[in-house]
Amino acid sequence: MEKIGKVASENGVVIFSKSTCCLCYAVQILFRDLGVQPLVHEIDHDPEGKDIEKALMRMGCSGPVPAVYIGGKLVGSTNEVMSLHLSGSLVQLLRPYQQTNLSSHD
């Protein structure tokens, strides 16, 4: 779906999420703890959400959400993100997107 590619390519780190998904929230917190402020696209608040969900599944996500993109490339869902994190590879992927100042921007 064109919208997914556009959002993913225009932002360094993107999480396609649902506001009610606890795994999505856990991935968001992990990224913030690693110094990255991802763009979180809540598909349950998007009029095209059902189509986005179907497209993410067709693209190979094990579950429709969370679907994580880093540098415009699909990384995967929770399992893939956690595997990368445990191996130390996630930090390397996120390094270009880490903020040097970790203070919150309220």
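The values are calculated or read from the model by the stated rules, or taken from the named source; none is laboratory data. Bear in mind that the values here come from a model prediction, so they are computed numbers and not experimental data. With ideal geometry, Cβ positions are generated from the backbone for all residues, glycine too; neighbour counts draw on all protein chains shown. Side chains included, ligands, DNA and RNA excluded: accessible areas come from the protein's heavy atoms. Shrake-Rupley method; radii C 1.70, N 1.55, O 1.52, S 1.80 Å.
Tell me the per residue accessible area of the chain using a 1.4 Å probe; a whole number in Å² is fine.
Values: 6070 Å² over 106 residues.
The answer is 57 Å² per residue.
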Q. Can you pull the percent of the chain's accessible area that's carbon plus sulfur, 1.4 Å probe, other chains left in place?
A. 53
Q. With labels modelled as points extended 7 Å from the Cα through the Cβ direction, what inter-label distance (nm, one decimal) is found for Met1 paired with Met59?
A. 1.0
**Q.** log₁₀ of I(q)/I(0) at q = 0.18 Å⁻¹ - the chain, Debye sum with one point per alpha carbon
**A.** -0.83
Q: Work out, in µm²/s and without decimals, the Stokes-Einstein translational diffusion coefficient of region 1-63 at 37 °C, 0.692 mPa s, Rh from Kirkwood over C-alpha pairs.
A: 269
